[in-house]
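Report on one structure; see the data block that follows.
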Amino acid sequence: MNELRFWLAKAFILGLTNCLWAATLAPDWQGREPHFPPGSLFWRTSEFKTAPILYRTVLPEFRKPIEFAVVRVRARRYAYLFVTRFNRFSDLDPFGQCIARSESPKERPDEEVALLADLAPSLLPQRPLALLVSAPESGFQLEGIIAFRDGTFLSLASTPDRWRAQKFPPLTVLEFEPCMRPDFDDRHWFPTRVVQSAEIWEPAKLMAEFRTFAERTRCQRLQRQLEEVRWRLTLLRDKGIVIVDDEAFGWGGAERLPSWLRERANILLQSLAKGADFPETRAEFFAKMAEVLSVFVWVRDEVTNVANHALLWRALRQPDRAAHCEQVAKSVEGELNRLEVALRGLEARFPLEELLERLLPLRRQLLGLRDKSVHRAFVVNDLNSGLENKFGWFDTTVLLDNDVTRWGLRVTTSATVFASPLSPAAFVTVPGTEFTLSGWDELKPWRVYNKPANPGPVCAWVVLGGKVVNRRPQPDGTVYERERHGRWSENWMLLVPDLSRGGGLPVQLVFLRHPNKILFRSNEQGIVREVTVLFEQPGAQLFMLKPLKEWRGLLYQARAMTRSPLNEQEVASSLQQCRLWSRAVLCYPVTFSEAFVRDPNSPYALLVANAYNYWEFRDEWNTPPLKLAPLPPLASYGLLKGYPGLQVISEAAELGSWGVWGDHIAVVGREVIVYGVPIHPIQRFGGFTAFCFGPTDIGVLGNLTELDLIKRTGANSFRPQHNRVDEAAMQLVKWCVEHGVQHVFNTDEKWVPDIVAHYRRLAELCQDLPAEAVAYDLLNEPETREPRAYNALLRRLTRAIRSIDKSHLIYAEVVAPWGPMAQPYPEAAFANLEPTGDPLTVYSFHDYEYRLMTRYPNEKVDIRNLLERWLPVFRFSIDHRAPIHLGEFGAFEQTPEDIYANRCAITMLLDYFRLFDRFGWHFHYYSNRGIVRVRRDGSLEESLVQEAFRRYFGRHRLNAVLE
């Protein structure tokens, strides 16, 4: 390295000179010019003859602050500028990146081009930088200036003593070449020669031009940053989602985060709204502030996660891992607290740069607790996340039904509502003295036995003098008044509709502060339209929930619960639930962590532990809080359905009912629950789908390039859609095997004379291949049969394959969204799908509902939309012990968005991958061969779709539990 630094210093420290000369350089092949055969891609065989040529030099490390750094490249036809990429997330990532390009118009292909590039974002302190130009063999010219803030500068130029050249085969993905690294030894490359005499430039003139360009570029970059800042701060304020390194992190909603964080984001947004014309320093402040807040939220959550993992490892009898997590959590807590004080504005001595410089090492330290092997890792999952546990928690309010808007009701007074996905209750903070719950009269009545229908509450249970009292509204609507009726003995009230008149399940309110008055306000028909609670002081807090998830003895309960006076023996079970939740909400679960170890008694089972974090409250009644560590509802549902191998390990109690999801099971008085989870004994596959129904789409040389691209992402499967059983089909299978990539057959039945004979023949051809080599995705998007006939065909196809081939996977798709009886999709499609009984069949569907958008997440769409849309799929998987495959999704390249520039492609795909990991799904992104493009220089450019795949596969999560 010392030798490199000496050479760099000799090459570039030109000092302040009166002129700058830059020659046009071309390779000096010295009679040894490399030659390559034409490249092939997809169906285009030997069509790509242009071989890219790279010209390379290295910029030295700089210790002085840079004012600007600009280079200009001139060439004929095209020019591309590459630099070293330093932010590699794994070994799968490329070594370089293209930062600028210029291409001549297609109608004038030989025209000279020029590109100007801002190098400043790529120049890191004390890091040398490889600088590479891709230009034609006719050569290129480069001049540049690096200006320092102390008034000095370095000039850069294309002179033969500083540049080397090399030619690469057509369709090379240049970014992956080791020459992009600054420490690459290019002495074996070819020298360059002057093909056109140098042009003389006056440094002062060039300095002025480049400074103007740098300022304009910086302003454009800052404007883009400000747009991104608005998006990121809005997500933080309104949804509690932060974006860190293009990945979205959030859970439950914005109210989970401390109010000061949301308020800080809101203040910044208000400042941004006052005007878009900010000075550069002001714009940089907003960009840095958004980054600081986002990274702080991530670090804060991850510290909680590490502390939770200490509890988890102790519960799973892993004392060494527990001790290490405890040590790390304690070591970073103090620094995190100091950073919070600084961010809250209580201590203003830290500039933003220093805050970020202190946060990023914490992030790296915490990420260092992960490992390629989850069985060695100190931290297995992110906070509020899991791996291959389809019975686990996920971010939705649907399962425990605590979203008041889903009840058909609404809070019409000013209030903050947080509905944790881990509790049946929603937590409400009332800034004023009045809380109103409206919309009762707009509810659709359930079954009406006694007319007239009345979906609203008819009475309220409160506890006075130690006795539960059923209070009905007075003519003025008053149900309770503290001065008249006295103080409550307990902290809760139950709003009870009359089920016999179409009313729904009762709503319980649990208070931290005693209310002064309860009012029912009715419409002209006498139906209560809103319930109002008045408090003496502002700032009251309460919980809303439906403590009963089902009725037993419907008409009996309707009479017993509305009887005056109330008979406590008749409503004992309901009363028990109300009193349970009046205590349990005082330890309100907000977040959780999940870890696992292998079950020593089964190779295909895990011992899973969940640890919960709570908001803990004290009320005016001194009600004793009750801490519960609940079994996730889908695990309760699995027990209800008798799922083999699913079991509760901890000493837990049945505390009530989750309704359709089974029993409410929890460990009482503890924050951790352990349960046994079976996993599918099938290797997971993930990769790409391609439309290959053309006559020259498979078995051609372009498939080799395609497979190289797939393999480079880390993916392990390729799903080419075609109807063939010929030599070309088997040639593609052979190439897939050689690349270590599964080949998935996928057929459009409408063009196959006998689909059963088709798959029987494929089974004969593939029966002796390794188990992971091929799979049969039987019918692509079936649409021509009603469900009974289709299910019968699936069984016939499965029998035909299994009569010959007993080792390879089968993917069985649901009816396509436009097919018979498939709507609403995917719920109806899965409801009409019958499992075949084959143990090696994975059940598949396609979903393009959410594709790439300008910003993701946004105010309308985030990961919750996917989760709630796919709830019927999760249920099907549990009902039938079935693994799931999302056979087609994405197709981002078919949207108006630019998959080479819109980094939300990464964000959205990482959300998809997070869900696939949580539930153990197989997946194939539908690329339609549209996620790469050929540059004018003959090289291949990959899109951000591949970037997201590499980010995911670089984490080694796929099949991690089976390793």
Which one of PRO678, ALA198, GLN126 has its Cα pushed farthest toward the positive end of the charge dipole of the chain, where Lys and Arg give +1 and Asp and Glu give -1 at the Cβ? PRO678
Neighbours of ALA254 by Cβ distance under 9 Å: Lys/Arg at +1, Asp/Glu at -1, summed charge +2
Relative to the longest principal axis of the C-alpha atoms of the chain, give the angle of the C-alpha long axis of helix 259-273, reported between 0 and 90° and rounded to the nearest 10°. 50 degrees
Residues whose built amide H sits under 5 Å from the amide H of VAL458, excluding neighbours closer than 5 in sequence, are VAL496, ASP498
Estimated FRET transfer efficiency (GLU570, ASP93; beta-carbon r; R0 51 Å; 0.05): 0.15
Compute the distance from the alpha-carbon center of the stretch 587-659 to that of the stretch 691-743, in whole Å. 45 Å
Straight-line reach from LYS274: which lysines have Cα under 22 Å away, leaving out those fewer than 8 places along the same chain? LYS288
Quick one: grab the alpha carbon gyration tensor of the stretch 406-448, order the square roots of its eigenvalues as a ≥ b ≥ c, and give me rounded if a/c is under 1.5, else prolate or oblate depending on whether a/b is larger than b/c. oblate
What is the sum of charges, Lys and Arg at +1 and Asp and Glu at -1, for the other residues whose Cβ falls under 14 Å from the Cβ of ALA666? -1
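Summing Lys, Arg as +1 and Asp, Glu as -1, what charge do residues with Cβ under 9 Å from the Cβ of PHE919 carry, PHE919 excluded?
Within the 9 Å Cβ shell, the charges total 0.
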Options VAL597, PRO565, ALA584, ranked by Cα towards positive dipole end of the stretch 543-605, top entry (Cβ charges): PRO565
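Remind me, relative contact order of the stretch 480-543 in percent, using alpha carbon pairs under 8 angstrom and six or more residues apart?
30 percent
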Between SER373 and GLU834, what is the label-to-label distance in nm when each label sits 7 Å out along the Cα-to-Cβ direction? 4.6 nm
Modelling each spin label as a point 7 Å along the Cα-to-Cβ direction, I'd like the ARG221/ARG149 distance in nm, to one decimal. 1.5 nm
Suppose every Lys and Arg Cβ carries +1 and every Asp and Glu Cβ carries -1, with no other charges. What dipole size does the stretch 559-613 come out with about its Cα centre, to the nearest 20 debye? 200 debye
Taking Cα atoms only, helix 319-343 is inclined relative to the longest principal axis of the chain by an angle, in degrees rounded to 10, of 80 degrees
Antiparallel versus total DSSP beta bridges in the chain: what percent is that, nearest 5? 80 percent
Can you give the charge dipole size of the stretch 56-119 about its Cα centre, rounded to the nearest 20 debye, using +1 on the beta carbon of Lys and Arg and -1 on the beta carbon of Asp and Glu? 140 debye
With Cα coordinates, the longest principal axis of the chain makes an angle with the long axis of helix 572-584, in degrees rounded to 10, of 40 degrees
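Before rounding to the nearest 500, sum -39500 (n - 2.57) across all DSSP H runs of length at least 4 in the chain and divide by the residue total; then give [θ] at 222 nm in deg cm²/dmol.
Computed ellipticity for the chain at 222 nm equals -9000 deg cm²/dmol.
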Reachable lysines from LYS64, Cα under 19 Å, same-chain residues fewer than 8 places away excluded? LYS10
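Can you work out the FRET efficiency for the pair ASP754 and ASN858, with r the C-beta to C-beta distance and R0 = 35 Å, to the nearest 0.05?
That gives a FRET efficiency of 0.15.
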Inter-label distance for GLU354 and ARG559, nm, one decimal - labels placed 7 Å from Cα along Cα-to-Cβ: 7.6 nm
Full-stretch length increase - ALA273, ASP238 - with 0.36 nm per residue and alpha-carbon distance subtracted: 11.0 nm
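Enter the mean projected area of the convex hull around the alpha-carbon atoms of the chain, in nm², rounded to one decimal.
45.3 nm²
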Mind jotting down the distance between the C-alpha centroids of the stretch 235-257 and the stretch 462-503, whole Å? 39 Å
Once phi for every residue in the stretch 915-928 is put through the Karplus expression 6.51 cos²θ - 1.76 cosθ + 1.60 (θ = phi - 60°), the whole-Hz ³J(HN,Hα) values, with Gly and Pro written as x, are 6, 4, 5, 4, 9, x, 7, 8, 7, 9, 6, 8, 9, 6
Using alpha-carbon pairs under 8 Å, 6+ residues apart, how would you state the relative contact order of the chain in percent? 11 percent
Zero-based 5 Å bins, Cα pair distances in the stretch 166-261, whole percents: 2, 9, 9, 9, 8, 11, 14, 11, 9, 7, 5, 4, 2, 0
Whole-Hz ³J(HN,Hα) from phi, Karplus 6.51 cos²θ - 1.76 cosθ + 1.60, for the stretch 782-792, glycine and proline x: x, 9, 9, 10, 6, x, 5, 5, 5, 4, 5
Just check the stretch 565-643 against the gyration tensor rule for me: Cα atoms, a ≥ b ≥ c as the square roots of the eigenvalues, rounded for a/c under 1.5, and otherwise prolate or oblate depending on whether a/b exceeds b/c. oblate
May I ask which residue of LEU443, SER414, ASN470 lies farthest towards the positive end of the charge dipole of the chain, with charges of +1 (Lys, Arg) and -1 (Asp, Glu) on Cβ and the Cα centre as origin? ASN470
A 19 angstrom limit on the alpha carbon distance is what I want to check against. Which of LYS239/LYS860; LYS451/LYS549; LYS239/LYS627; LYS390/LYS641; LYS167/LYS711 exceed it? LYS451/LYS549; LYS239/LYS627; LYS167/LYS711
Report the residues of the stretch 790-817 in range of a label on VAL660: point 7 Å along Cα→C-beta, backbone N strictly under 14 Å from it. none
Check each of the GluC sites (Glu not before Pro) in the stretch 320-383 and keep only those in coil by DSSP with at most 14 other C-beta atoms within 10 angstrom; list them in order. GLU347
Using DSSP to call loops (not H, G, I, E or B), can you name the trypsin sites (Lys or Arg not before Pro) in the stretch 360-422 whose Cβ has at most 10 other Cβ atoms within 10 angstrom? ARG376
Counting only DSSP loop positions in the stretch 757-810, the trypsin sites (Lys or Arg not before Pro) whose Cβ has at most 13 other Cβ atoms within 10 Å are LYS806
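Can you divide the C-alpha Rg of the stretch 795-919 by 2.2 N^0.38 Å and report the result to two decimal places?
1.19
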Within the chain: Cβ-based charge dipole about Cα centre, in debye rounded to nearest 20 (Lys, Arg +1; Asp, Glu -1): 1300 debye
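Read the figures in this text as sums done on the coordinates, not as results from a lab. These numbers were taken from a predicted model, which means no experiment stands behind them. In this analysis, Cβ positions are derived from the backbone assuming ideal geometry, glycine residues included, and neighbour counts consider all displayed protein chains.
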